[in-house]
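Beneath this line is the structure, given in structure tokens, with notes to follow.
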Amino acid sequence: MFKKKWIALGAGVLMGTATLGSRIAFAANGPTDPQIVGIVLAADQIDIDYGKIALSKSKNKQVREFANRMVTDHSAVQKSVIGLAEKLGVKAEDSETSNSLKSGAAEITAKLNKLKGKEFDKFYIDNEVNYHKSVTDAVDGVLIPSAQNGELKAALQGAQPLFLKHLEHARSVQSGSGDVMSH
């Protein structure tokens, strides 16, 4: 049950900063399973926080719908990831990557809190698009190859289609809001 939920809701788990791929890719020797769980949980909380900021600030219907989906998915998956980790006997550990994600999130959060209106909407969605692209690259290139536990590896592999669906949704919002999202 936990694995199925984690796979089904995993697309948004690794959301947070636009440079996730490089932050993960430069981790020495790749992350361990406990570090992967720590990365996933940290990144999940970051995107919940971003989504809540968007819900409190944005008046754009598409942005709000996207942000609500991120909060909903990440809140559910956070519980599922914890359950999977408990089932597997893996305790989340901090790493250079998870600490870097948190540091980057502080910068993004500060900017989100300063922006208003169309500028906020554009920055939020642009960040989400860039981040989702980095996530799909990081999952394929670093997290899946680094996972030692078969169930953890399978959960990451199963989440990848959902990561791509969230990327597609973010791009749709980015291009579909007329002058609000135009570059």
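The values are calculated or read from the model by the stated rules, or taken from the named source; none is laboratory data. Since the model is a prediction, treat every value here as computed from it, not as a measurement. Here the Cβ positions follow ideal geometry from the backbone for every residue, glycine too, while neighbour counts run over all protein chains shown.
Mind listing just one residue for me: the one in the stretch 160-182 that is among the aliphatic types (A, V, I, L, M) and closer than 23 Å to Val77 by Cα and, of those, modelled with the lowest pLDDT? First the steps, then the outcome.
Within the stretch 160-182, the subset among the aliphatic types (A, V, I, L, M) is 162, 164, 167, 170, 173, 180-181.
So of that shortlist, the ones also closer than 23 Å to Val77 by Cα come out as 162, 164, 167, 170, 173.
On the way: Leu162: 77, Leu164: 85, Leu167: 90, Ala170: 95, Val173: 95.
Per the criteria, the residue is Leu162.
Within the stretch 89-103, the set of residues being surrounded by 18 or more Cβ atoms within 10 Å (Cβ to Cβ) and touching a residue at least 60 places away in the same chain (Cβ under 8 Å) comprises Val90, Ser95, Thr97, Ser98, Ser100, Leu101.
Quick check: anything in the stretch 108-123 in a loop (DSSP other than H, G, I, E, B) and either out of contact with any helix residue (DSSP H, G or I) (no Cβ under 9 Å at 6 or more places or on another chain) or closer than 25 Å to Ser56 by Cα (or both)? Among the residues of the stretch 108-123, at least one is in a loop (DSSP other than H, G, I, E, B) and either out of contact with any helix residue (DSSP H, G or I) (no Cβ under 9 Å at 6 or more places or on another chain) or closer than 25 Å to Ser56 by Cα (or both), which makes the answer yes. Every test in (1) at pLDDT below 95; (2) more than 15 Å from Leu41 (Cβ to Cβ) is passed by Tyr124 save one, and that test is (1).
Could you tell me whether any residue of the stretch 92-99 is part of a helix (DSSP H, G or I) and of a type in the set (A, V, I, L, M, F, W, C)? Scanning the stretch 92-99, I find no residue that is part of a helix (DSSP H, G or I) and of a type in the set (A, V, I, L, M, F, W, C), so the answer is no. Number of residues in the stretch 1-26 that are surrounded by fewer than 19 Cβ atoms within 10 Å (Cβ to Cβ) and either in a loop (DSSP other than H, G, I, E, B) or modelled with pLDDT of 90 or more (or both): the value is 4. Part of a loop (DSSP other than H, G, I, E, B), modelled with pLDDT of 80 or more and among the basic types (Lys, Arg): is that true of Lys79 in this structure? Judged against the criteria, Lys79 is not a match. Taking the conditions (1) in a helix (DSSP H, G or I); (2) farther than 19 Å from Gln78 by Cβ in turn, Gln148 satisfies each one other than (1).
Look through the stretch 64-88, keep the residues that are among the small types (Gly, Ala, Ser) and without any contact (Cβ under 8 Å) to a residue 60 or more places away in the chain, and return whichever of them is farthest from Arg171 (Cα to Cα). Full working, then the answer.
Initially, the stretch 64-88 is screened for residues among the small types (Gly, Ala, Ser), giving 67, 75-76, 80, 83, 85.
Checking which are without any contact (Cβ under 8 Å) to a residue 60 or more places away in the chain leaves us with 67, 75, 85.
Values: Ala67: 13, Ser75: 22, Ala85: 31 Å.
The residue in question is Ala85.
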